[in-house]
Amino acid sequence: MFYCREEELQKMEKRYGKNHFECVVIYGRRRVGKTSLINEFCKDKPTIYFSALNSTSKENLEELSKAIHLLQYPDTPNAPIYSSYGDALDAITELAKEQRLVFVIDEYPYLAKTEKSISSRLQHMIDHVWQYTNLYLILCGSSMSFMEYQVLGYESPLYGRRTAQFKLEALKYKEMTVFNPNLGNAEQALVYGITGGIPHYINKLDVEEDLDAALMENLFDTSSYLFEEPENLLKQELREPQIYNAIISAIAGGASRANEIATKTGMESGPCMKYIKVLLDLGILKKETPMGEKPGRKTIYTIGDNFFRFWYRFVPKNMSIISSGRIAQLYEKAVKQYYPEYMGLIFEKMCQDYLLYYASDLPIEIKEIGQWWGTDAKARKEVQIDIVGVPIEGKEYLIGSCKYKNEKIGVDELELLQHYASVFGRGEKYHYYIFSKGGFTDALLEQGRLGAVTLLTLDDIYR
């Protein structure tokens with residue numbers, strides 16, 4: 001089944017219907033659904049689909065030749081190999097003169113790495129030949145930095161040649177419920193916390209009715225695909241996977257600042273930052289700064305990919321019982337009892353997304369939203385606010401707290417939030433929000449009725 005990319009698909013179809021040259025760039029992190037979107041779009045359309053290899057220029061030319069041959073002679077396996085990329089592109093030109101033709105280069109960074117002239121060749125073809133044809137060119141890639149700088153960037157030969165671009169993001173927590181509509185909201189939230197809204201991981205987790213059973217079979221099992229996914233992905237993308245593994249492990253273990261990560265991995269700060277930047281480009285890590293402040297000493301690094309975060313939280317420390325096949329007996333004590341703690345940060349992101357994308361009656365228009373942390377000078381301690389919504393204009397801020405606990409939250413949480421807002425100190429007026437999985441005490445509900453705070457449960461943000 002094809003889910004959740006209907007808007008992108010509709011826009012691509014609209015451009016296809018215009019019947020003139022298009023150059024569409026599609027990019028996003030691995031497993032996010034780029035190829036599925038392209039395959040859905042290409043259904044029933046004349047298509048040359050070339051998926052570049054992480055190999056030599058010669059082997060990629062052979063694969064491109066096969067893709068061209070497959071369109072013309074789908075039942076003939078043996079394809080003649082073009083003598084050059086120029087000849088292959090000329091052949092595509094002739095085919096595009098006869099019909100509306102889709103030409104896909106998937107994993108474009110692989111091709112550009114081995115055939116250095118390909119971007120310039122494509123530029124020449126677009127400028128002098130293809131713009132006068134009905135060719136629908138799609139360039140797709142998973143290397144975020146490459147696609148942004150070497151394809152979309154000002155210094156790229158292809159700069160200004162695209163007619164559209166789509167950056168595919170992970171699905172939001174509400175979007176992905178279509179994959180497992182039979183699950184309750186708490187289980188939906190946990191699936192989001194495990195997969196991060198990555199369609200490939202949702203499919204591989206393969207929840208039928210029982211989420212715990214799916215985890216036993218499809219993640220906490222040494223023969224399962226998801227068990228080896230982080231290691232395989234690092235090996236596939238990176239030359240020194242053991243170093244990247246050490247950095248992710250350090251962050252999973254509590255290191256968050258650059259110097260802490262370098263110390264924990266035994267590396268110098270400069271080289272360590274280069275490896276961190278690569279993980280940021282891949283979307284595995286993310287960089288955070290207190291909302292409203294510039295990057296600097298307060299900047300921290302966290303695991304931005306939920307699946308990596310879940311895997312590094314629960315698999316390495318339980319490796320022996322997973323390898324020995326005892327995880328089913330020890331699952332409750334070794335893993336499941338820690339889910340509420342693990343879901344704390346996930347719930348914060350869900351609540352932020354609720355306010356940004358789904359809430360219809362906010363008291364202010366929000367420009368951006370995130371965490372804030374700083375020092376309470378009077379108490380001489382660090383404080384953290386889960387949600388700070390920055391207004392488009394004015395000095396009214398939205399201040400929020402998120403609690404993924406089963407117990408009810410009381411008035412003391414509102415009082416604490418009001419104090420933290422005074423420490424934050426940038427607003428003239430604050431609108432308070434408290435999100436709670438377990439609900440609220442009668443006293444806090446009364447404050448909600450009086451308008452002192454907006455109270456929302458897990459069920460509310462899924463409504």
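The values are calculated or read from the model by the stated rules, or taken from the named source; none is laboratory data. Everything numeric here is computed off the predicted structure, so don't read it as measured data. Every residue, glycine as well, gets a Cβ built from its backbone with ideal geometry; the counts of neighbours run over all protein chains shown.
Determine, yes or no, whether residue 286 is among the charged types (D, E, K, R) and in a helix (DSSP H, G or I). Write out each step before concluding.
Values: among the charged types (D, E, K, R): yes; in a helix (DSSP H, G or I): no.
No, not satisfied.
Among the residues of the range 140-165, count how many are hydrophobic (A, V, I, L, M, F, W, C), at pLDDT 95 or above and surrounded by fewer than 20 Cβ atoms within 10 Å (Cβ to Cβ).
Adding up the residues that qualify gives 1.
Let me confirm something: among 89, 137, which residue is surrounded by 20 or more Cβ atoms within 10 Å (Cβ to Cβ), under 20 Å from residue 20 (Cα atoms) and either under 32 Å from the mean Cα position of the chain (by Cα) or at pLDDT below 95 (or both)?
The conditions single out 137.
Under 9 Å between Cβ atoms, which residue pairs at least 6 apart in sequence (or on different chains) link something in the range 439-463 that is closer than 16 Å to residue 350 by Cα with a partner that is among the β-branched types (Val, Ile, Thr) and part of a helix (DSSP H, G or I)?
Hits for this filter: 462/177.
Within the range 110-117, identify whether any single residue is of a type outside the set (Val, Ile, Thr), in contact with a Ser or Thr (Cβ under 9 Å, 6 or more places away or on another chain), assigned by TED's automatic domain parsing to the domain that holds residue 45 and closer than 23 Å to residue 43 by Cβ, and answer yes or no.
no
Does residue 429 fit the bill of being without any contact (Cβ under 8 Å) to a residue 24 or more places away in the chain and over 28 Å from the mean Cα position of the chain (by Cα)? Before you say what the answer is, go through the steps one by one.
Details: without any contact (Cβ under 8 Å) to a residue 24 or more places away in the chain: no; over 28 Å from the mean Cα position of the chain (by Cα): yes.
No; evaluated as a whole, the condition is false for this residue.
Keeping to the range 92-131, report how many residues are within 16 Å of residue 158 (Cα to Cα), of a type outside the set (A, V, I, L, M) and over 31 Å from the mean Cα position of the chain (by Cα).
Matching residues across the range 92-131 total 6.
Could you list, in sequence order, the residues of the range 148-158 that are under 21 Å from residue 11 (Cα atoms) and either among the small types (Gly, Ala, Ser) or assigned to a loop (DSSP other than H, G, I, E, B) (or both)? So that I can check it myself, show each step before the final result.
Filtering the range 148-158 down to residues under 21 Å from residue 11 (Cα atoms) leaves 148, 151-152.
152 - this is the single residue of the range 148-158 that is under 21 Å from residue 11 (Cα atoms) and either among the small types (Gly, Ala, Ser) or assigned to a loop (DSSP other than H, G, I, E, B) (or both).
Being outside any helix (DSSP H, G or I), among the β-branched types (Val, Ile, Thr) and either surrounded by 18 or more Cβ atoms within 10 Å (Cβ to Cβ) or modelled with pLDDT of 95 or more (or both): is that true of residue 263 here?
no
Given the residues 8, 40, 59, which is the only one that is closer than 25 Å to residue 151 by Cα, crowded, with 18+ Cβ neighbours inside 10 Å and acidic (Asp, Glu)?
8
State whether one or more residues within the range 410-420 are touching a Gly at 6+ places or on another chain (Cβ under 7 Å) and either part of a helix (DSSP H, G or I) or over 28 Å from residue 367 (Cα atoms) (or both).
No, there is no match, as no residue in the range 410-420 is touching a Gly at 6+ places or on another chain (Cβ under 7 Å) and either part of a helix (DSSP H, G or I) or over 28 Å from residue 367 (Cα atoms) (or both).
Could you tell me which residue of the range 174-208 is modelled with the lowest pLDDT, considering only residues that are in a loop (DSSP other than H, G, I, E, B) and either of a type in the set (D, E, K, R) or not assigned by TED's automatic domain parsing to the domain that holds residue 308 (or both)?
Step by step, filter the range 174-208, then rank; the result is 208.
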